[in-house]
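These notes concern the structure reproduced below.
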Amino acid sequence: MGDPSTWDRYEGAKVTANWTLRHVTKGRPKSTRYLNEMDSRDMRGPRRCTICGREGHSRSRCPQRAGPSSAGGH
């Protein structure tokens, strides 16, 4: 690229960013990390519940989890 002082002068249109047109995303930020073969679900194994130990669901959807109807004893 050389020394900037030796470049030809640009006489074209000047581009400026219009920050009012920028889309503001809501929610959790999107990950910009590149995934590799260790990140696939096949390498980590199937999802396993931490409450009952069975495969196919997580702790939040466990049928053995105590819900609000069983708590309190009213």
field: Residue list for the range 21-35, filter: over 26 Å from residue 56 (Cβ atoms) and either at pLDDT below 75 or part of a loop (DSSP other than H, G, I, E, B) (or both)
entry: 22, 23, 24, 25, 26, 27, 29, 30, 32, 33, 34
- request: Please identify the pairs in which a residue from the range 1-26 that is touching a residue at least 60 places away in the same chain (Cβ under 8 Å) has its Cβ atom under 9 Å from the Cβ atom of a residue that is in a helix (DSSP H, G or I), counting only partners at least 6 apart or on another chain.
  value: none
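The values are calculated or read from the model by the stated rules, or taken from the named source; none is laboratory data. Model, not experiment: these values are computed from the prediction. So basically every Cβ, Gly included, is an ideal-geometry build from the backbone, and we count neighbours across all protein chains shown.
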